[in-house]
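Trainee: Once you've had a glance at the structure underneath, I'll fire off some questions.
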Amino acid sequence: MSPLHHLKGRRVFVTGHTGFKGSWLVMMLNRLGAHVTGYSLAPPTQPSLFAVADVRELVTAHYQADVRNADQVAAAVHAAQPEIVFHLAAQSLVHRSYRQPLNTFSTNVIGTASVLDAVRSLAGPCAVIVATSDKCYEPHDSGKPHDECATLGGRDPYSASKGAAELVTAAYRQSFFPPDRLTDHGVQVATVRAGNVIGGGDWAEDRIIHDIVRHLTAARPVPVRNPTAIRPWQHVLEPLQGYLTLADSMLAEPGAQWSTGWNFGPTPGNDLSVRDLTELFIDSWGSGTWVHTHDRRAPRETPVLRLSIDKALGKLAWRPRLSAHEAIRRTATWFRQFFDKPGSARLLCVADMVDYAAFASASEATNP
Ligand SMILES: NC(=O)c1ccc[n+]([C@@H]2O[C@H](COP(=O)([O-])OP(=O)(O)OC[C@H]3O[C@@H](n4cnc5c(N)ncnc54)[C@H](O)[C@@H]3O)[C@@H](O)[C@H]2O)c1
């Protein structure tokens, strides 16, 4: 596994640091010795990983502000003078995007433009990583994995907003940070497209893990809407390790090769259905049942979504380390232990990060 040496001591600007992935990312950056400025609205859930793991105390500066406010974003970026920007702030939920399409488009599209615009005024070089999603691609029913050249699209407001965020990023890259003139402007801009992630501390409404945990803790059967839908489940540490490896590569060897889109998904063949995920989670939890529910009002969901990760495997010192089974087992264990001992969230995250690093080193030794 890449040791990520180049992140130590760096000034890092993270948007969306009060969210699920943002909170994990700040904890990882903190362990790597980076200095993080966070910029987000308040945590989007109650409870939140940000609060229960006390992530606030790990950031050097904390802005609770809207990413659509270009002046405020610019002022915060100017004050931080980051060497790395991770833009994760978003309206991140597909179902909510049907209820709040304008909020979704403005946050995910204008918000991305505000962050990229702020980077234009930086004095020094900067590596920018914009998190979009596997849903930025036009869905198809062939079951064929989407690679980074697949057509952008999206049939619901969330997915389309992420496709649009890709286009906005590409336009800023071509107009203001052309990769072939990197020595003139010093800014590298990549987008990262991950699949559904799971892990301890995800309390987002409508997400399957929250649903499962909510019903298991109330000793009720877990309602499952689309048991046969296949998703590329991965533990949250996997794509975040990918984002960090990409940032590390951009700092270690600046060049045009990084300023593109990157997929971070599970190893092919590791996809599981929603039914498998629910049953494995219940097994690890120790008790519980599930029922197939039909909700005619539920928005249409894409039946199969697969990502090709060949590019990241070939060009970055990154690969998925945890099977879907292991990711689900870890997630169930995290929540079980958290509910047994609510003050333990940070320790549970640290334990997951330490185990992940050890697991990666062991698999590196046996399968370099
Ligand atoms: N969780 C997943 O399965 C998944 C999969 C693929 C891509 N992503 C993407 O990764 C990123 C992080 O996802 P997450 O699961 O942590 O999301 P999340 O909903 O848990 O967190 C979203 C973050 O964005 C902030 N935010 C929302 N609107 C804002 C605004 N107008 N101004 C400033 N901050 C705002 C929230 O406060 C929060 O910090 C998002 O861009 C999401 O679309 C997530």
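Trainee: So if I take the centroid of the Cα atoms in the stretch 91-149 and the same for the stretch 201-225, what is the distance between those two points in Å?
Mentor: Centre-to-centre (Cα) distance: 26 Å.
Trainee: Also, I was wondering about something else. How large is the Kirkwood hydrodynamic radius of the stretch 176-304, in angstrom, based on all distinct alpha carbon pairs?
Mentor: Final number for the Kirkwood radius of the stretch 176-304 is 17.3 Å.
Trainee: Would you calculate, for the chain, the mean residue ellipticity at 222 nm contributed by helices, counting each DSSP H stretch of 4 or more residues as -39,500 (n - 2.57) and dividing by all residues, to the nearest 500?
Mentor: The helix contribution divided over the chain gives -12500 deg cm²/dmol.
Trainee: Additional query: So, by mean Cβ neighbours within 10 angstrom, what's the order for 129-142, 164-177 with the highest one leading? Display every interim value, and only then the final one.
Mentor: On the way: 129-142: 20.6, 164-177: 18.3.
Highest-to-lowest ranking by the protection proxy: 129-142, 164-177.
Trainee: Classify the stretch 23-102: rounded, prolate or oblate, from the alpha-carbon gyration tensor (a ≥ b ≥ c, eigenvalue square roots; a/c under 1.5 rounded; otherwise prolate if a/b is larger than b/c)? Write out the running numbers ahead of the final one.
Mentor: On the way: a/c = 2.10, a/b = 1.26, b/c = 1.67.
Oblate, since a/c reaches 1.5 and b/c is not below a/b.
Trainee: So what are the stretch 5-363's ellipsoid semi-axes, whole angstrom, largest first, if each one is the square root of 5 times an eigenvalue of the alpha-carbon gyration tensor?
Mentor: Semi-axes from the Cα gyration tensor: 31, 23, 20 Å.
Trainee: Past the 21 Å Cα-Cα mark, which pairs from Lys21/Lys135; Lys135/Lys311; Lys144/Lys311; Lys21/Lys315?
Mentor: Lys21/Lys315
Trainee: Now for a separate question. Take each of the peptides 28-38, 179-189, average the number of other beta-carbon atoms within 10 Å over its residues, and list them starting from the highest.
Mentor: Put in order of decreasing packing, that is 28-38, 179-189.
Trainee: Using a 7 Å offset from the Cα along the Cα-to-Cβ direction at both Asp340 and Thr228, what is the distance between the two label points in nm, to one decimal?
Mentor: It works out to 3.8 nm between the two label points.
Trainee: Excluding residues on the same chain fewer than 8 positions from Lys8, give the aspartates and glutamates whose Cα lies under 17 Å from its Cα.
Mentor: Hits, sequence-local ones excluded: Glu83, Asp248, Glu253.
Trainee: Can you tell me which of 45-55, 211-221 comes out highest on packing, and rank the rest after it, using the mean Cβ neighbours within 10 Å?
Mentor: 45-55, 211-221
Trainee: Could you work out how far the C-alpha centroid of the stretch 62-85 sits from that of the stretch 226-278, in angstrom?
Mentor: Going from one Cα centre to the other spans 26 Å.
Trainee: So what's the net charge close to Pro221: Lys and Arg +1, Asp and Glu -1, counting the other residues with Cβ under 14 Å from its Cβ?
Mentor: +2
Quick note: the coordinates plus some simple rules give every number you see, no bench work behind them. Please read all numbers here as calculations on a predicted model, not as lab measurements. Reconstructed Cβ throughout: ideal geometry from the backbone, glycine too, with neighbour counts over all protein chains shown.
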